[in-house]
Amino acid sequence: MVARRRPEAADCAVRGAPGDPRAGAGPGVLVAVVGAEGRGKDMLVSIAQRRFGGDSCLVFPRRFTTRAAAGVGADVTVSRRVFRDMADQGRFWCRWDADGQSYGLGREVADALAAGATAFVVVDRAALAALRSVWSDVRVVEIMAGADAARAFRRRVPGDLEVRHDGDVAAAAARFHDLIRRLDRERPATPSPVAAERPGRARPAGPAVPRRKRTGLRTAPQRA
């Protein structure tokens, strides 16, 4: 079932003045989904994409990769030569290597983040440095099974989030969806640029008007 579009979802693209995407500034949040091989990362993100596909403030961008067997998500597999050509043409906003393969995200991801969206992408932990070099607000969500608990405790990073997947796909998906809703609620809101006073327009001069005491009640203007 596709989630019904929320009324405020359309406001995502006007949450403040978009910054330069290549400068890594803006109200959006980039969520890196990590975890050991076989933990169902791509599957959970694919399920979430179907669940929240109607919300324009939650995006699940495709990755370009040279890996022959792409995941169950929206990966696009290309040859190494094509990947190099795309990189030379500047078509990647961010790219990294992991396990001998190359991965890249298109510049549309930067546009979505600059507009205030929350983007979810499956990556290897080795890619976190590359992601943080192009965007300031990167959150890490680790998909964990029972065997991962002791290892994760030894290398726990403050601020990282966890989703347990012990074989029950429905339960793991529900936990992941709850986390997505939480991140969506916590998305920083910035004032709309239309609310700010336009520079260069001086207020008209006039007599000072005494400030009214706020009573919490609105009164209609009195007629003369």
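Which ones in segment 105-118 are surrounded by 21 or more Cβ atoms within 10 Å (Cβ to Cβ) and within 15 Å of ASP75 (Cα to Cα)? Those that are surrounded by 21 or more Cβ atoms within 10 Å (Cβ to Cβ) and within 15 Å of ASP75 (Cα to Cα): LEU105, VAL109.
For segment 30-67, residues that are part of a helix (DSSP H, G or I) and either over 18 Å from ALA170 (Cβ atoms) or of a type outside the set (A, V, I, L, M, F, W, C) (or both) total 6. Quick check, is GLU162 modelled with pLDDT under 85 and under 27 Å from SER46 (Cα atoms)? Answer is no for this residue.
One line per residue, one yes/no per condition, for (1) modelled with pLDDT under 95; (2) under 20 Å from the mean Cα position of the chain (by Cα):
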{"residue": "GLY53", "(1), (2)": "yes, yes"}
{"residue": "GLY73", "(1), (2)": "yes, yes"}
{"residue": "THR77", "(1), (2)": "yes, no"}
{"residue": "ARG84", "(1), (2)": "no, no"}
{"residue": "GLN89", "(1), (2)": "no, no"}
{"residue": "ASP99", "(1), (2)": "yes, no"}
{"residue": "ALA115", "(1), (2)": "yes, yes"}
{"residue": "ALA127", "(1), (2)": "yes, yes"}
{"residue": "ASP137", "(1), (2)": "yes, yes"}
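Comparison of LEU113, LEU131 shows that the only residue that is in contact with a Phe, Trp or Tyr (Cβ under 9 Å, 6 or more places away or on another chain) and over 20 Å from PHE52 (Cβ atoms) is LEU131.
Please go through segment 125-135 and give me each residue that is crowded, with 17+ Cβ neighbours inside 10 Å and either in a loop (DSSP other than H, G, I, E, B) or among the polar types (S, T, N, Q) (or both), ordered by number. Passing the criteria: only TRP135.
The values are calculated or read from the model by the stated rules, or taken from the named source; none is laboratory data. All of these numbers come straight from a predicted model, not from anything done at the bench. Glycine gets a Cβ as well: all are built from the backbone with ideal geometry, and neighbour counts include every protein chain shown.
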